[in-house]
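For reference, the structure discussed in these notes is given below.
Read-outs: derived from the displayed coordinates by stated rules, not from any lab. The structure presented is a predicted model; accordingly, all values stated were derived computationally and were not measured. All Cβ positions, even for glycine, are placed from backbone atoms using ideal geometry, and neighbour counts span all protein chains on display.
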Amino acid sequence: MTTLYSLILGPMLYLAVGVFLAGTAGRVWRMLRSPAFGVSLAIHVPGQAGRKGRRGWISVRLLAVRDALLLPTVLRHNAPLWAVLMLFHAGLAVLFLGHLELVADIPVLRSFPHGAFTGKGAVGLTMLFCLAYLGARRLGSPVRELSVPEDYLLLALLFLTALFGAQMAWARSWFGYETVTAADYRAWLQGLLAFRPEAGLAGVAGAGHSFMLAAHVFLANVLLMVFPFTKLMHAMFTFALNAIRRGWPA
Amino acid sequence: MKETIVDAQTLDEATRGKLLSLFEGRLSRQMLLNLETCSRCGLCTEACHAYASMPLVRHAPAWRAEVVRRIYKKYFTAKGRLLPRLGEARALTGSALEELGEAAWTCTGCRRCMVYCPFAVDTQQIMSIAKLLLIGAQAEPEILTMLADVSVSRGENVESIREGFLAGIKRLEGQVVEKWKSQAGRTPIPTEVVGADMLYVALAGAHSIVPAAAVFNAAGENWTLSFFEAVNFGAFVGDPAKTRIILERIVSEALRLGVKEVCICECGTAYRVARQLSVGQPFEVVSLTEVQARYLRQGRVKVRRLPGTFTYHDPCQIARNAGVYEAPREILRAVAGEYREMSPDPLYNWCCGGGGGLVAMGEDTLEFRMKSSRVKADQVRASGADILVTACENCHTQLEDLNRHYGLGKEVRFLSALVAEALEAD
């Protein structure tokens, strides 16, 4: 079992990050080296004509970023879906910061005192609710008919990753909080960053709930590896497409 | 449609190779983004007038896009080759072509779905692949190809049509003089005026030339009429090469005459295509509606109010897809006895259901056009107006068909005709 844990928490994680970075770069490179269409494909909004010149293009870019991040079209046409999507994506951002804090202190976040993963699984639970909503919505018509197997598999993968991640706080309480501390995680992750994966492995791989950590990291590894080859790439492409809708030069 | 060169299931390797090569030729950066980004959230379904009128999943924009996307996955992505079932990648077969045909020729290219989509996926762009593959398989609507070929041929044989064209214009001049004596001027419909300020590109038919001529003359415009019709059947059928050739006739004429502006008549697709593909030319492309609104703003024409309650249908290719929202409203504020907006936000105006070549296909598409545009008929009815105005030939024909089919009891008018009718004599 320990060998399996060490594979998941070391070599597989390197592989996952490598596939994620190379795959994502490859996908973006393919876009960039493809020929431009050459004509404007803007959707024109009443009262927003005449955005020309440097300042005009800056405002177009800002509007496109706003469209991509705040999803105003979803808010207008399906407010409950918008609330769930905003909650989900905000949760992703919070969890991203939470994971970064496991590696090292982030000075700006140290302005208020808090422990590792202050939410104690609440953010993960919120995301589980959001994913369950998205899954239920996908089972109803017409989204069901539009869906392909990839849509369900990604939802399941995200759900399980979040589930095993959110459980970590409770699992620690079941097996004793002190068995794996934040310092143990930091030692393991900093060891990974220093390409010495075995350095901090003992602290995280030998506890009663290590199987939950291994399951969480295994699922996250899979998620990272499939990311560049699935619709999850919308996280990058949405900015470009929204800019095109706003009149980005062809 | 033509009888296809393929049967229902099979497609020979040579044909498939040729079609995939056509497909690959359309994979611009923008197209790749469109093909790679959909999350199939389904938000676009309610945006489509066809789905809203007939809630069948095959009318959902995301479904139409998936028909093309599945073939893309199969041949142009590693995932589609290795794990085709994950994304339901699909081989390019005869039955796939049939699906492409249904998707392409039930989409009017209005791009209303793009206003709903959080990622701004452009279904019209994706449908351009479907149309190109159908052309490659000789399975496109034959009538559209024939009309495109006639336009191309007209451009190649200008000299042979010159006499007949000028004789026809002479007859139309009589109509201008008869209705608008004081505005007609010495040459009611000028042609081949080198150094004219504006080249007006009309459609075949007096309705597109006579009222416009009256307004140009009343405004004292230094204009000249194009030898060619504005409509671009190459764009309707989805043939990029013919689209360019058909437009090129007008561009060459404009350059030869040295005009400052090319004014496109009330034809949405012609206007959008000319504007998009003429970037960098030494002339501006403007719509007739913009020109007439400018005359009113500058006081170059005087108009009276016409009795009745008016509403305006924003043609998708002129408004949502080209940005001309204010000009028609300026005109209607000047000439309409009473004006009522059809939609609280013109960005969300329903498509008439006749664009993308569907009206040009005539009776073949009539039943679908009527069924798929019930929401448009409801919107027109709810406006409470007596007179339904638009600035696009396709929309006008479709709205007249809807008017008859749903018994709306409206009078359907061209905006330019209203301006001409409202002209006040000096």
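Overall shape: prolate for segment B:303-422, with the ratio a/c of the largest to smallest alpha carbon gyration tensor axis at 1.5 or above and a/b above b/c.
When a/c is below 1.5 the answer is rounded, else prolate if a/b is larger than b/c, else oblate, so apply that to segment A:37-191 with a ≥ b ≥ c taken from the square roots of the Cα gyration tensor eigenvalues. Verdict is oblate for segment A:37-191. Here's the picture: a label point sits 7 Å out from the Cα of B:His405 along the beta-carbon direction, and within segment B:317-361 the residues with their amide nitrogen under 20 Å of it are B:317, B:349-361.
Indicate the gyration tensor shape class of chain B (rounded, prolate or oblate), computed on the Cα atoms with a ≥ b ≥ c the square roots of the eigenvalues: a/c under 1.5 is rounded; otherwise a/b larger than b/c is prolate and the rest oblate. In terms of gyration-tensor shape, prolate.
With N as its number of residues, segment B:264-354 has a Cα radius of gyration that, divided by 2.2 N^0.38 Å, comes to 1.15. Averaging the Cα positions of each part gives two centres, and for segment B:51-115 and segment A:85-117 these lie 40 Å apart. Annotation: extensible slack from B:Ala78 through B:Met146 equals 20.6 nm (criterion: 0.36 nm per residue apart, minus Cα-Cα distance).
All other residues whose Cβ lies under 15 angstrom from that of B:Lys371 are scored, Lys and Arg at +1 and Asp and Glu at -1, for a net of -1. Near B:Val285, the amide H atoms lying under 5 Å from its own belong to B:Val262; only residues 5 or more places off or on other chains count, and H is placed 1.01 Å from N.
Arranged from fewest to most other beta-carbon atoms within 10 Å of their beta carbon, A:Phe129, B:Phe414 become A:Phe129, B:Phe414.
Here B:Asp197 and B:Thr10 are evaluated by their C-beta separation; at R0 = 45 Å the FRET efficiency comes out at 0.20. Here the calculated FRET efficiency for A:Gln48 and B:Ala382, from their Cβ-Cβ distance with R0 = 30 Å, stands at 0.65, rounded to the nearest 0.05. Within segment B:340-391, the GluC sites (Glu not before Pro) that combine a DSSP coil assignment with at most 16 other C-beta atoms in a 10 angstrom radius are B:Glu341. Only DSSP H runs of four or more residues enter the estimate; each adds -39500 (n - 2.57), and after division by the residues of the protein assembly as shown the mean residue ellipticity at 222 nm equals -18000 deg cm²/dmol.
In straight-distance terms, cross-link reach from B:Lys170 covers every one of the lysines whose alpha-carbon lies under 23 Å from its own, apart from those fewer than eight places away in the same chain; here that gives B:Lys179, B:Lys181.
Between A:Ser59 and A:Leu109, the C-beta separation translates, for a Förster distance of 45 Å, into a calculated FRET efficiency of about 0.90. Annotation: peptides B:331-339, A:27-35, A:77-85, ranked by per-residue average of other Cβ atoms within 10 Å with the highest first, follow the order B:331-339, A:77-85, A:27-35.
Pairs from the list B:Lys79/B:Lys131; B:Lys131/B:Lys410; B:Lys302/B:Lys376; A:Lys231/B:Lys371 with a Cα-Cα gap above 30 Å: B:Lys131/B:Lys410; B:Lys302/B:Lys376; A:Lys231/B:Lys371. Just to confirm a number: summing +1 for Lys and Arg and -1 for Asp and Glu over residues other than A:Ser34 whose beta-carbon lies under 15 angstrom from that of A:Ser34, what do you get? That works out to +3.
In this label model, A:Ala235 and A:Arg137 are separated by 1.9 nm, measuring between points 7 Å along each Cα→Cβ vector.
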